[in-house]
Structures are given as structure tokens and as C-alpha cells.
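Below is one structure, written out as C-alpha cells, with a few remarks after it.
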Amino acid sequence: MVIKESKTRLSMVKKCRVLEVNRSSYYKWLNRKPYKNDEYAEAEIIKIYHKYKGTYARARITQALRNEGMVINHKKIYRIMRKLGLKAIIRKRWSIRKYIKENVASNVLNREFKTDEPFKKLVCDVTEMKRINDKRYYVFSVMDLYNNAIITASMSEHNDWGLVVKGLENIPCQTEKILLHSDQGPQFTSKAYHELTEQKNILISMSRVGNCYDNAAKESFFGH
């Protein structure tokens, strides 16, 4: 305030230097957005809250307002948010399930992606689709290497065993062994996966860890 109202001919740099005030802090204070009442503060808080889709609580809203030059005490923001009924959305923590090492199969397919007979060599995988109405969807599909046709597929909001079992249930039980190749995802190393494939007379094959080329045919399909 002293610097702003000072009528001396000293430059702003010298005024700040004499009063030992940081220039950037002074300009930030000078350009701050004043608020006259709670209604103005409420409007700004609502704007920040909806801008970040309700994920900001009082601490982050306080910082966001300060970044815009508007300084409000975090206790005041908390009081206003309670009045408006604004609560931060607690985002779901995604947990990565480790695969069961004992259920990992060897790479029987060995990158031999061609076959002269249908329904002898199958490859499968799960991919995440683009969000639809802010919802996440996953697709599981099985492809026949004989003609690269998708023989079964399933979609779900959850990337779990239920997604895979819906797709595999459409594969009829076989009298002769068929080969089904996948990666080492938790769905494919689960006990349920092994039991279901055994019932359908399916021989399991799996890619090596961190080697997408072992399932290149399926990866290429998802790429397209």
C-alpha cells in the first residue's frame, strides 16, 4: 500500500528495494482480484469446483484462487463450500493385481501366426476403448489365426475375470485340442481361467513378460 500511494519520483524498482519488498510479490498483490462479499467468493469457488469436475477440495481451491490473484483464507473457503454443499469427489484408486506365477503357461504358439485349419490356433486379448459419456469400457475378443476373424467378443466397464468369461462361454467345448494364446494378465493366470479352458479342451499359451511381439497378430488387430 505504501509503494502504491507513494508520490516520490523513485522508480518502482528502487521503491521495492528501499522497503525490501519482492517486486514479483508486489505486482501479484497489485493485480489481485478483490472480492467485496461472500457472493463474489461463492461464484469464484463454484467456477473452480466445476472446472476441475468436483475433484478439488478446499486446499486445492485455495491454491487455484491464489494462482488467479484472489487470496481467501482456506477456512473461509471451507465454510462457503459447506454452505453450498460442495464436496470433493474421492477418485477411485486403481489396484494392479499380480498374476499367479504358478498359472503362467509357456509360449506354445511361439509366434507361429499361420494355420491351414480353422479353429486350431486362437489369440485373445483385452483392450480399453475410448471413453463413452465419461465411462470407461473394456473389450475382450478372440481371433482365429486361420482367417483373422473375431469368433467371440465381450464388453464391460470392468477389466476383470467376468469380462473374459463372457467371451469364452461362446466357445463350444471341443473334442480336439485347440490352442488359445494370450498375455500374462491377471485374468489369464487366474484359477477360473485355467478351469474353464480345461473344460473346453483348450491348450493355453502365453506371451513372455514384456514381449508384445509374442501376441503380435492380436496387437495388430487392436491397432487397426
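Extension gain, Ser220 to Phe119, is 34.4 nm, computed as 0.36 nm per intervening residue step minus the present C-alpha separation.
Fewest first, what order do Ser154, Ser207, Ser11 take by the number of other Cβ atoms within 10 Å? Display every interim value, and only then the final one.
Working: Ser154 19, Ser207 25, Ser11 9.
Taking fewest neighbouring Cβ atoms as first place, the list is Ser11, Ser154, Ser207.
Using only Cα positions of the stretch 101-223, each an equal point scatterer, no hydration layer, compute I(q)/I(0) via Debye at q = 0.12, 0.21 Å⁻¹ and quote the log10 values to two decimals. The Cα Debye sum returns log10 ratios of -0.40, -1.29.
Tell me, how many Å apart are the Cα centres for the stretch 125-181 and for the stretch 201-224? Taking the Cα centre of the stretch 201-224 as reference, the centre of the stretch 125-181 is 13 Å away.
What is the sum of charges, Lys and Arg at +1 and Asp and Glu at -1, for the other residues whose Cβ falls under 11 Å from the Cβ of Ile178? Counting the neighbours of Ile178, the net charge comes to +1. Close Lys pairs in the stretch 101-223, defined as Cα atoms under 21 Å apart and 8 or more places apart or on different chains, number 22. Rounded to the nearest 0.05, what FRET efficiency do Val165 and Ile90 have when you use their Cβ-Cβ distance and R0 = 30 Å? In this case the efficiency is close to 0.50.
Please work out the FRET efficiency for the pair Asn22 and Ala43, using the Cβ-Cβ distance as r and a Förster radius of 25 Å; give the result to the nearest 0.05. Plugging the Cβ-Cβ distance into 1/(1 + (r/R0)^6) gives 0.25. For a paramagnetic label modelled on Asn133 (point 7 Å from Cα along Cα→Cβ), amide N atoms under 16 Å away belong, within the stretch 141-172, to 156-158. Cβ crowding within 10 Å, taken as a proxy for footprinting-reagent exposure, orders Phe221, Phe140 from fewest neighbours to most as Phe221, Phe140. Spin-label model, Tyr52/Glu176: points 7 Å from Cα along the beta carbon direction are separated by 6.2 nm.
No value in this document is a laboratory result; all are computed from the given coordinates. None of these values were measured; they are calculated from a predicted model. Backbone-built Cβ (ideal geometry, glycine too); neighbour counts: all protein chains shown.
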